[in-house]
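*Asks:* Encoded as C-alpha cells, here's the structure I'll be asking about.
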C-alpha cells in the first residue's frame, strides 16, 4: 500500500485531535490535548515520550523514535489553535471535521493540527513497515498562538535531548499560483499595547467642545507613526534590519507573486501598499493595528466622551530586528511626536531566523520537492512572511530550519472555514516520506 493510500484510509482515526478545542489564548483544552498526544506517541511506539511543564507555561510534548540511524530529524509543531470566533462565519461546526468538495474543514486543520496529523500518520506508516529511515524527534508546544513565551527556557533545559541534524518546521504548502513552497525561516514579530487616559471618568459628549477624548487622542498618536502609504515613520526602526544576501536576492527574484490572484483570493478592497510585495513579505517590516477598545459599542446610542482607549498592535520584523528594542523606539517616537501620554506596553516578541541557502538539507528538500511536484512547480523562500520561534531552534540549537506544509493559499488560517485540500494533504505526506528517506541516505 502506498503512503497516500494508507493516509487516506487512516486519516479519520485522527479526527479526535481536531475535535478537541485547544485555544491557548483562552486556556481551553491544553491539558486534554497534551495528554492525547502523549498517548498517541506511546501508541505509535516512541522510544521516549515526555511532557515538559516544569518551567511553567503550557506543556511541551517531546517524543523520540530511535532507529539507530546516522541522521536525526526534529519535527516542530504546535497543538494550540486560534479561537474559532466569530462562529457565525463558519459553514459548519469548526470542531467537527467535515469533507466538502474535496476539502477538510476544521479549526487547526491547516495551522497546525493538520500538519501534525500528517507527520503522525507518516510515522505510523513507517513504523508498521519497519522502515524508519532516520531517527525522529518531536517537539510539540502549546503556546505558539500566544507567543511561545517559554520556548527558550525549555530548549536550554533539554538541549541534549533535542540534539538533531535538521529541524522540519510547520506551515506552508502551495502558494496563490499553486507552487509548493519551501521556506528557510520566519520573520520576527513584536506585539504590544498602547493606552491613553484623558480624564478620571467618562464625560457627556457635549463636553467635546473643550475636552479631548481618549479615542481621538489614541488614533491621532498612532497615525503619526505611519503614513497613508504604509511607510513607517519611526526613528531608528530599521537600525538593525537585515539586507538580503546576493544568493537570497537571486532566489527571491525567481519566485512568482500573482498580484491579481492574491487580490481575488483575499478580496482586498484597497490598492497594495507596495510596488514590490514579494520583497516586502520576505524582508519588509510592518506596523499593524490589530484592534481598538474604547467607549460604547453596544446596541443603541450612548452619547459619551470616553476617558480611556487602548489598541493592540504588532510589527512584523526582518529576522535580525530586536523586538524589545522596537517597542522602545515606538514609545520614543510617540513622545517626540507630542504624544507622551500614550504608553506602550510590550507584550511578547520573537526574533526571526533564516537558514543558510547553501545548507545541504535545503538543497535536498528542494530537489525532492521537484521530484514530487514538478521541476517548475516548486519555489524556495529565504523566510516566510509569518512569525514563530524558529530562531530558538536555528540559533539556539544551531540547526537548519526548513518549513513545509499541507495548506494552500485559500486555507484561511486563523479565519472562518479553515481548510486544506485532501489532495494536497496526501501529496505533502508523500513528499515528507520521500524527504526522510533522502535525508537518511
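*Asks:* Among 158, 414, 78, which one moves the most in a GNM of the chain with springs linking Cα atoms closer than 10 Å?
*Replies:* Top of the fluctuation ranking is 158.
*Asks:* Okay, next question. Could you bin all the Cα-Cα distances of segment 120-247 into 5 Å bins starting at 0 and give me the percent of pairs in each, rounded to whole numbers?
*Replies:* 2, 6, 9, 11, 12, 13, 12, 9, 7, 6, 6, 4, 2, 1, 1, 0
*Asks:* Hey, another quick one. Please determine, in degrees from 0 to 90 and to the nearest 10, the orientation of helix 30-43 with respect to the longest principal axis defined by the Cα atoms of the chain, where the helix direction is its Cα long axis.
*Replies:* So the inclination is approximately 10 degrees.
*Asks:* Need one number for the chain: average projected area of the convex hull over its C-alpha atoms, nm².
*Replies:* Mean shadow area of the hull around the Cα atoms is 22.7 nm².
*Asks:* Answer rounded, prolate or oblate for segment 53-111, using the Cα gyration tensor with square roots of eigenvalues a ≥ b ≥ c: rounded when a/c is under 1.5, else prolate when a/b is larger than b/c, else oblate.
*Replies:* In terms of gyration-tensor shape, oblate.
*Asks:* Okay, next question. Could you work out the Kirkwood radius for segment 317-410, taking every pair of different alpha carbons, averaging 1/r and inverting it, reported in Å?
*Replies:* For segment 317-410, inverting the mean 1/r across all distinct Cα pairs yields 16.2 Å.
*Asks:* Between segment 1-35 and segment 318-348, what's the alpha-carbon centroid distance in Å?
*Replies:* 39 Å
*Asks:* Under the rule a/c < 1.5 gives rounded, and otherwise a/b versus b/c splits prolate from oblate, where does segment 1-150 land using the Cα gyration tensor?
*Replies:* oblate
*Asks:* Continuing with the same structure: For segment 61-207, just the Cα atoms, rotate onto the principal axes and tell me the three extents in Å, largest first.
*Replies:* 77, 45, 29
*Asks:* What is the extension gain from residue 93 to residue 159, computed as 0.36 nm multiplied by their sequence separation minus the C-alpha to C-alpha distance, in nm to one decimal?
*Replies:* Between residue 93 and residue 159, full extension yields 19.8 nm more.
*Asks:* Taking 25 °C and 0.890 mPa s as the conditions, I'd like the Stokes-Einstein D for segment 206-346 in µm²/s, using the Kirkwood hydrodynamic radius from alpha carbon pairs.
*Replies:* 137 µm²/s
*Asks:* Hey, what angle do you get for helix 113-129 against the long axis of the chain, alpha-carbon based, 0 to 90 degrees rounded to 10?
*Replies:* Approximately 10 degrees, to the nearest 10.
*Asks:* What's the center-to-center distance, using Cα atoms, between segment 54-116 and segment 374-423 in Å?
*Replies:* Cα centroid to Cα centroid, the span is 13 Å.
*Asks:* Shifting gears a bit: State the extension gain, in nm to one decimal, for the chain segment bounded by residue 207 and residue 48, taking 0.36 nm per residue of separation less the distance between their alpha-carbons.
*Replies:* Length difference between fully extended and current span is 50.5 nm.
*Asks:* Before anything else, pin down the relative contact order of the chain: Cα pairs under 8 Å, at least 6 apart, normalised by residue count, whole percent.
*Replies:* Here the relative contact order equals 26 percent.
*Asks:* Which residue, 131, 248, 144, tops the fluctuation ranking in a GNM of the chain built on C-alpha contacts under 10 Å?
*Replies:* Judging by the Gaussian network model, the answer is 131.
*Asks:* Testing the spin-label approximation: label points 7 Å from Cα along Cα→Cβ at residue 298 and residue 256. State their distance in nm.
*Replies:* So the label points at residue 298 and residue 256 sit 5.4 nm apart.
*Asks:* Report for the chain the percent antiparallel among DSSP-assigned beta bridges with both residues inside it, nearest 5.
*Replies:* 70 percent
*Asks:* Also, I was wondering about something else. Highest GNM mean-square fluctuation, the chain, Cα pairs closer than 10 Å: which of 142, 349, 415?
*Replies:* 415
Throughout, read-outs are computed from the coordinates displayed, never taken from laboratory work. Keep in mind it's a predicted model, so treat the numbers as computed, not measured. When we count neighbours, we look across all protein chains shown, and the Cβ atoms used for this are built from the backbone with ideal geometry, even at glycine.
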